[in-house]
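No lab work stands behind these numbers, since they all come straight from the coordinates. Treat the numbers as computed from the prediction; the structure is a model and nothing was measured. Ideal geometry is used to build each Cβ from the backbone, glycine not excepted, and the neighbour counts take in all protein chains shown.
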């Protein structure tokens, strides 16, 4: 599409209206803030919490109506992949119990871990949990409520809703939960939602042959190995692990554990700690928060975030190996809105379900909030000087949504083609595109499609 140099004059008259917020309440914001408290302790295992508030959404400029929506979302909360961490923690606890070396707090940990493992095993390791089902169902319901006229139009026009997944069971189950929520919100969509299609090149690209170089980077890159070893070896890691051990075990037993064993135990415990909230329905009596202080949990979350940052995020300045491969997904986002605007796309919505390994690179490629700063080779990533946080960039059910709006005939001069605007939501919060993209007005979250094509270098 050629770049539009001037939007319709009616748009200029409607800019003030474009910044009016929909009704909402302070209490809703308070609940949202409470739901987000302490999320940084869980890294990318943090359960989903919408970041947008209805009271803060902007209205579209006058004369524009939604005509299409698309999203790409991580699967929802799930069981951990296997029992390895639980088995490791229980093995140390058994040794301590055999020598009567558990503290009162330590004596309560074993039953909690066994309950968590039992719940994960019964659900199926790696499978979507009930919390994950609710996350996607509720995201879908809120999507429908944000765009009621669009979904009524889709239903009335019998426009298909396309569903694409990685093919991994938890992603497929997330798609089923989401589409079930859409139909609950707009029953007219029944029969219009197509069966999920598996597209691994698009939604599981990190494991595909064309990205063998990325997997080589993870396995053998010397810079990656060196920076992660440096971060792990910081004195605070050993101090924190020892503090964890001294709360659970008596001093004589702690002395039998080498620093490496203490670190291994504490990191396994933190991974269980991070996984427990995702299984809140299956293991409602499990609460691992007493076993790690917030300070200790935050340090181990930082170590996990460092691995994610360098393995899937912005990583090293001047290198794109971790996120360049997400170009296939960004291309598809553009292709879908361009097809709709160009009259060649007959779908009403495209819904994609994927994994953190795709969301994190896409966020870095697009320059989304929290993913704009790579680390200098001689200055490792820290919480102090880099905003990247796994719990904010790619929590469970993280999602990026593009809504396409078209000008109605009355809003432009007769005979002129429609103008198209795009609004982006990131975890349901209106989000600006990168700074080189100019919105239709200062402070607006609406962008002309041809302006986005320009600033992303699309022809």
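Each peptide in 144-156, 186-198 was scored by the mean count of other Cβ atoms within 10 Å over its residues; highest first, the order is 144-156, 186-198.
Calculated mean residue ellipticity at 222 nm for the chain: -15000 deg cm²/dmol, from DSSP H runs with n ≥ 4 weighted as -39500 (n - 2.57), summed, divided by the residue count and rounded to 500. Which percent, nearest 5, of DSSP beta bridges in the chain are antiparallel? Rounded to the nearest five, the antiparallel share is 60 percent. Any chance you could check the Cα centroid distance between the stretch 308-323 and the stretch 58-125 for me, in angstrom? So the two Cα centres are separated by 26 Å. Peptide packing for 115-121, 390-396 was compared via the average number of neighbouring C-beta atoms within 10 Å per residue; ordered from the highest value, the list is 390-396, 115-121.
Taking other Cβ atoms within 10 Å as a rough exposure proxy, 216, 428 sort from fewest to most as 216, 428.
Note on residue 382 and residue 429: the model spin-label points, each 7 Å out from Cα along the C-beta direction, lie 2.5 nm apart. Legend: ranking of residues 220, 355, 75 from fewest to most surrounding C-beta atoms inside 10 Å; resulting order 220, 355, 75. Which of the three applies to the stretch 221-339, rounded, prolate or oblate, going by the alpha-carbon gyration tensor with a ≥ b ≥ c and a/c under 1.5 meaning rounded? The shape class here is oblate. Using the Cβ-Cβ distance between residue 218 and residue 418 with R0 = 41 Å, the FRET efficiency computed as 1/(1 + (r/R0)^6) comes to roughly 0.35. By how many degrees, between 0 and 90 and to the nearest 10, does the Cα long axis of helix 26-36 differ from the longest principal axis of the chain? Between helix and principal axis, roughly 40 degrees. Under the simplified labelling scheme, the residue 98-residue 84 pair shows an inter-label distance of 2.4 nm, with each label point 7 Å from Cα along Cα→Cβ.
A simple spin-label model places the labels of residue 200 and residue 118 3.7 nm from each other, with each point 7 Å out along Cα-to-Cβ. Treating each Cα of the chain as one equal point scatterer and applying the Debye formula with no solvent, the log10 of I(q)/I(0) at q = 0.07 Å⁻¹ comes out as -0.39. A Förster radius of 22 Å combined with the Cβ-Cβ distance from residue 55 to residue 442 puts the calculated FRET efficiency at roughly 0.60. A straight chain from residue 236 to residue 260 at 0.36 nm per residue would run longer than the Cα-Cα distance by 7.3 nm. Here the contact order of the stretch 274-346, divided by its residue count and restricted to Cα pairs under 8 Å and six or more residues apart, works out to 12 percent. The alpha carbon gyration tensor of the stretch 120-205 gives principal lengths a ≥ b ≥ c with a/c of 1.5 or higher and a/b no greater than b/c, which makes the shape oblate.
Taking the Cα centre of each part, how many Å lie between the stretch 242-295 and the stretch 165-184? Comparing the Cα centres of the stretch 242-295 and the stretch 165-184, I get a distance of 33 Å.
Please work out whether the stretch 169-255 counts as rounded, prolate or oblate from its C-alpha gyration tensor, where a ≥ b ≥ c are the square roots of the eigenvalues and a/c under 1.5 means rounded, while otherwise a/b larger than b/c means prolate and anything else oblate? Cα axes put the stretch 169-255 in the oblate bin.
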